Amino acid sequence: MKRALLAIFFLCALAALGAKAQLPAAWQNWQHSRPIALEPASEPRLVRVVLPMAVYGQAQASLADVRVIDDAGNEVPHVLYARPGQKTREWRSARLSEVGFVPGRYTTLVVDTGEDDVLHNSVEIETDEKDFMVWVEIAASDDRKSWRIVRERAPIYRFEKDGLEGAQTISYPETRSRWLRVRILEGEEQFPVRACRTALELVEEAERTLLPVNPELQPDAPAQESRWEVDLGVAHMPVSAVRFEAAQAEFHRAVRVSVSEDGKSWQRVGSGAIYRYREPRGDQPRSSLQVEFREARGRYWRVTIFNRNDVPIEGLRVQLAGTPRHVVFRQQPGRTYQLLYGNSRVKAPEYELARLTAREELEAAFSGSLGEAEINSAYVSPEPWTEQHPVVLWVALGIAVAVLGWLALRSLRTQQ
C-alpha cells in the first residue's frame, strides 16, 4: 500500500508543482493548463487527446470546466467522447416441460422458446434458492429429438447472505432452435426451477484502460475472504471494471467491489464472479477474469473475493480499469493548442460540434498527446470573496452579534 500511495502522491505532486505559465486574461479563472502536442496539419482535421488521471483530481467531477484554446487565446469547440459500452437483451417468456431429476447426476428440463423462429443466445434460470453455485449444461434442438450441446458447462450462483445476487443467465452461440435442454449438474437433490426466459443479447464492448495503481492485499481481511484496497489519491476518477490475473488453473469465486470517500464508510458499487475451468471435451480453458459494473467515482476502492472454505486463489493480481475520456476538436493548420481545467464555478459549454459530428468521425480522429501540467501564474479564483475567506466572515458575524448584544444590554440598563 505504501508504494501505491507514494506513486499517487508523486503523480499529483508533479501536476501540482508543474511549471508556471500565464494564460490570457479571458482565462484567468482557470488554474491549470497542458500543451497539446499534435502533428502538423495541412488542412483542418479532427484530433483527440486522452485525459490523464491527474486531471480528474483538479477539474470538476463532471469535467464541465475542461476547455481547449488556441495560441491566440480563442476558445475552440470540443467534444468529450467516451465508449462506455452496453449490453441489451430483449427477454421472451418460455414454457417449461419434461422437468425431472436423475439422482446423483442432474436436474433436467426442456425450454420451449416459441414458434416464431427468432434468434436467441441467452437463457435465464429463475429459482427461489438463495445460496448456491451449480454448473449448467445447455443443448439445443430443432425437433426435440436430436440434441447438440451449445454450452457444455457454465456456472450460475447466488449468495444472498453475503449480499450477492450473482448471475443466473447462461450465454451460448446464437441459434434459432426452438427447444433448449437445460441440465443443472447437481446430483444431491433436485434443483428448484420456477421459470425460464430467453433473449438475444447484443454486446457493445467498452473501451477501458488500466489505472496506474496497484491495489494491495490486506492482511486483516475477515476469515474466508481476500481483500484488496487502494487509495487513488483522486476523488473523481471514473472506474467501471476490475480485472484479475491468476496463476491457479481452476477456480470460481464471487467478487464484491466497494468504494469510499474516506476509507471508512464503504458502499457496494458492483459484484460478479471470476472463474477459470476446463470443459470435459474442451482443449482450452474457459475463463472470465473481469467484473464490470456501472461507472462509479471515489478515492478509496476495495475488492473482496469470497473464498468460503477454499484457500485463496494462487497468484491473484487485482487491477482497476475505467473508460477514458477523449477530448476531440478540429485542428487548424498552423495553430497550437492548450487544454485548460481547474475552474470550480463555470458551467459546461454547449457546442454544435457534438451535434454535427458522427460517432465514426470521432473515433477516426487523429491522436495527439498532452504535455506536462502548468499552473496559471495569473490565476484568479472564481469563488466569491466570502467563500474564499470564511474566517473573516465568521469573525465579522461574531463581532456583529457582540455589538448587538452590548446595545441590547445598554438599552435595558437605560430603561431601568
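We did not get these values from a lab; they are worked out from the coordinates using the rules stated. Here the structure is a predicted model, which is why all the values come from computation and not from measurement. Backbone-built Cβ (ideal geometry, glycine too); neighbour counts: all protein chains shown.
For Ile305, Ile125, what ranking results if the residue with the fewest other Cβ atoms within 10 Å of its Cβ goes first?
Numbers: Ile305 24, Ile125 21.
Going from least to most buried by this count: Ile125, Ile305.
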What value in Å³ per residue do you get for the convex hull of the alpha-carbon atoms in region 86-204?
105 Å³
If the cut-off is 23 Å between C-alpha atoms, which lysines fall inside it for Lys130, apart from same-chain ones fewer than 8 positions away?
Lys161
Rounded to the angstrom and largest first, Cα extents along the principal axes for the chain equal 96, 80, 45
Tilt relative to the chain, helix 2-16 - C-alpha long axis, 0 to 90 degrees, to 10
40 degrees
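Provide Rg over Rh for region 221-374; use the alpha carbon set for both Rg and the Kirkwood Rh (inverse mean inverse pair distance).
Numbers: Rg = 21.0 Å, Rh = 19.2 Å.
Using Cα coordinates only, the ratio equals 1.09.
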Distance-filtered residues of region 124-165 - backbone nitrogen under 12 Å, label point 7 angstrom along Glu279 Cα→Cβ
136-140, 148-155
What's the angle, to the nearest 10 degrees (0 to 90), between helix 390-415's Cα axis and the longest principal axis of the chain?
60 degrees
